[in-house]
Amino acid sequence: MKACPKCAGPLVQLRSLNLRICNDCKAEFDWNLKPGQPPLITNNRDRRAK
């Protein structure tokens, strides 16, 4: 788990909102995918061989 850059508290990952929020100071940070990275939330059908 990553630490908050402001207070070093634990970051909670809100995957469906592309957001991380600090559990201690409540600071919010964008959490975007890298180019070409598959989405974290997907349908199982997306993983089937085509």
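Quick look at the numbers
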| read-out | value |
| --- | --- |
| Selection from region 1-15 of residues that are in a strand (DSSP E or B), of a type outside the set (A, V, I, L, M) and under 13 Å from Glu28 (Cβ atoms) | Gln13 |
| Failed item, numbered, when Gln13 is tested on (1) of a type in the set (S, T, N, Q); (2) exposed (fewer than 13 other Cβ atoms within 10 Å of the Cβ); (3) modelled with pLDDT of 85 or more | (2) |
| The one condition in (1) at pLDDT 90 or above; (2) in a loop (DSSP other than H, G, I, E, B); (3) among the polar types (S, T, N, Q) that Asn32 fails to fulfil | (1) |
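The values are calculated or read from the model by the stated rules, or taken from the named source; none is laboratory data. Please read all numbers here as calculations on a predicted model, not as lab measurements. Cβ: placed from backbone, ideal geometry, glycine included. Neighbour counts: every protein chain shown.
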